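The values are calculated or read from the model by the stated rules, or taken from the named source; none is laboratory data. Being a predicted model, the structure only gives us computed values, none of them experimental. Glycine also receives a Cβ, built like all others from the backbone with ideal geometry; neighbour counts cover every protein chain displayed. Side chains are part of the model used for accessible areas, which takes the heavy atoms of the whole protein and leaves out ligands, DNA and RNA. Shrake-Rupley method; radii C 1.70, N 1.55, O 1.52, S 1.80 Å.
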Amino acid sequence: MYVPAGRRYWHCPRSHKPPAPGRNVRSGRAQAVYVNAGNANTCTGRRGHRDVRTICREVARQACVTPDNVLVCSTGVIGHFLPMDKVRRGIAEAAAGLSRSAGSGRNLARAIMTTDTKVKTAYRSLKLNRQFVQIAGTAKGGGMIAPNMATMLAFITTDVDISSPLLRRALKQSVQVTFNKVTIDNHMSTSDTVIAMASGAAGNRRITNAGAVFDRFSEALWEVCDDLARQMAADGEGATCAVTVTVNQAASQKQAHSALRAIVDSPLVRTAFNGADPNWGRIISAVGYSGAKFDEAGLSCRIAGTTVYRRGRPCRFDTRRLSRKMKAKQWQVEVDLGAGTYSDFCYTCDLSRDYVTINADYHT
């Protein structure tokens, strides 16, 4: 979901009538966000919808906003009902602890973690029309992640004054080349949300048209999203390294994507990453069965900066030295298809024994 928010209006509503499901998202405006971890509240039927309405009403009462300006996010186990007594207490406690402090932001980042091992936050500031603007974000996600997004939540706030349609455009553009480029295990989920809320408190001249100012803001928003996306890839369940895989020289964008997904979706490739094994044959064979066109005489592969396959032939390289380079926390795989000018990329990680253990025991 892409849910940009309009300006905040601080008033106490007279009516707390619960909204209809979906209306809150479609309105493109939000004043408060509820989020819980550990329970996805999906595949829960009518009761799940009723519980969401109750949450909107309770949050609205505590935050002094209207229920239809409350967005609800849940992540965790599928098919379990929310423990509403606990939820009500949690909403009251969270509302009592609201503040503008950095500590409150850190508390949010920790609270949304499930199998994450690290808090994920990002921040950028920039100057627009002589006014400083801030963008801050936090995210969670360690598994059940594959383009598009999947089990990840991201919350971005900014004090920029911008129209809702332009914020939506900037966010959608950023998501396509950041969060939608992360894969941990080639498995999408029922629960994925990215929310951006703009307060307008910076006092900049309101951004209502595309142009240089909008482009500068969009770039900073992309930087925040990209930072969070990379952190998620690095903190994949059981991961020991983050790997950026890039496919170049494809005949079309679709074929670049096909070759890329064949590589990053291969358990054999990803376990080789875990073992720091420069087994380039697994990568090249994945390209071969991907269905993407390639020129055999132009097909090349580089692992952690070392060329292992060039123009359709294997290269001599120091296996031990390359294996040591693959033990770094971050490195890259690049494949040239030699068939065109299109490219695609993905943020991923290795596939380890710990990943199997975490997910074998996740529910029970």
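The residues listed here are Lys325, Lys254; of these, the one that is within 24 Å of Asp227 (Cα to Cα) and without any contact (Cβ under 8 Å) to a residue 60 or more places away in the chain is Lys325.
Within region 53-84, being under 25 Å from Thr114 (Cβ atoms), of a type in the set (A, V, I, L, M, F, W, C) and in contact with a Phe, Trp or Tyr (Cβ under 9 Å, 6 or more places away or on another chain) holds for Ile55, Cys56, Val59, Val70, Leu71, Val72, Cys73, Val77.
Among residues of region 277-286 being among the hydrophobic types (A, V, I, L, M, F, W, C) and over 26 Å from the mean Cα position of the chain (by Cα), the one that is surrounded by the fewest Cβ atoms within 10 Å (Cβ to Cβ) is Ile284. Selection within region 107-130: residues that are buried (at least 17 other Cβ atoms within 10 Å of the Cβ) and among the β-branched types (Val, Ile, Thr). The member of this set that is farthest from Val70 (Cα to Cα) is Thr115. For region 292-307, taking the residues that are under 28 Å from the mean Cα position of the chain (by Cα) and of a type outside the set (A, V, I, L, M), the one that is surrounded by the most Cβ atoms within 10 Å (Cβ to Cβ) is identified as Cys301.
From the list Met197, Met144, the lone residue that is within 19 Å of Thr348 (Cβ to Cβ) and in contact (Cβ under 8 Å) with a residue 40 or more places away in the chain is Met144.
Just one of the numbered conditions (1) in a loop (DSSP other than H, G, I, E, B); (2) more than 27 Å from the chain's Cα centre (by Cα); (3) of a type outside the set (D, E, K, R) is not true of Thr115: (2).
Filtered by the rule that a residue be open to solvent by 50 Å² or more (accessible area, probe 1.4 Å), part of a helix (DSSP H, G or I) and in contact with a strand residue (DSSP E or B) (Cβ under 8 Å, 6 or more places away or on another chain), region 182-230 gives Arg216, Glu223, Arg230.
Looking only at region 54-75, decide whether some residue is within 30 Å of Ala202 (Cβ to Cβ), at pLDDT below 95, within 26 Å of the chain's Cα centre (by Cα) and hydroxyl-bearing (Ser, Thr, Tyr). Within region 54-75 (the criterion being within 30 Å of Ala202 (Cβ to Cβ), at pLDDT below 95, within 26 Å of the chain's Cα centre (by Cα) and hydroxyl-bearing (Ser, Thr, Tyr)), the answer is no, since none of the residues qualifies.
Being part of a loop (DSSP other than H, G, I, E, B) and modelled with pLDDT of 95 or more: is that true of Thr246 here? When the stated conditions are applied, Thr246 does not pass them. Restricting attention to region 131-172, the residues that are more than 11 Å from Leu221 (Cα to Cα), open to solvent by 40 Å² or more (accessible area, probe 1.4 Å) and either assigned to a loop (DSSP other than H, G, I, E, B) or of a type outside the set (D, E, K, R) (or both) add up to 5.
Cβ-Cβ distances below 7 Å connect the following pairs, each with a first residue in region 339-358 that is in contact (Cβ under 8 Å) with a residue 12 or more places away in the chain and surrounded by fewer than 23 Cβ atoms within 10 Å (Cβ to Cβ), a second residue that is of a type in the set (Ser, Thr, Tyr) and part of a strand (DSSP E or B), and a separation of six or more residues or different chains: Ser343/Thr246; Phe345/Thr244; Phe345/Thr246.
The test for being open to solvent by 30 Å² or more (accessible area, probe 1.4 Å) and under 25 Å from the mean Cα position of the chain (by Cα) does not hold for Gln249. Can you find, within region 76-91, the residue that is nearest to the chain's Cα centre (by Cα) among those that are outside any strand (DSSP E or B) and closer than 20 Å to Asp192 by Cβ? Residue satisfying both the conditions and the ranking: Ile78. Can you find even one residue in region 30-48 that is in a loop (DSSP other than H, G, I, E, B), at pLDDT below 90 and open to solvent by 40 Å² or more (accessible area, probe 1.4 Å)? Checking region 30-48: not a single residue is in a loop (DSSP other than H, G, I, E, B), at pLDDT below 90 and open to solvent by 40 Å² or more (accessible area, probe 1.4 Å).
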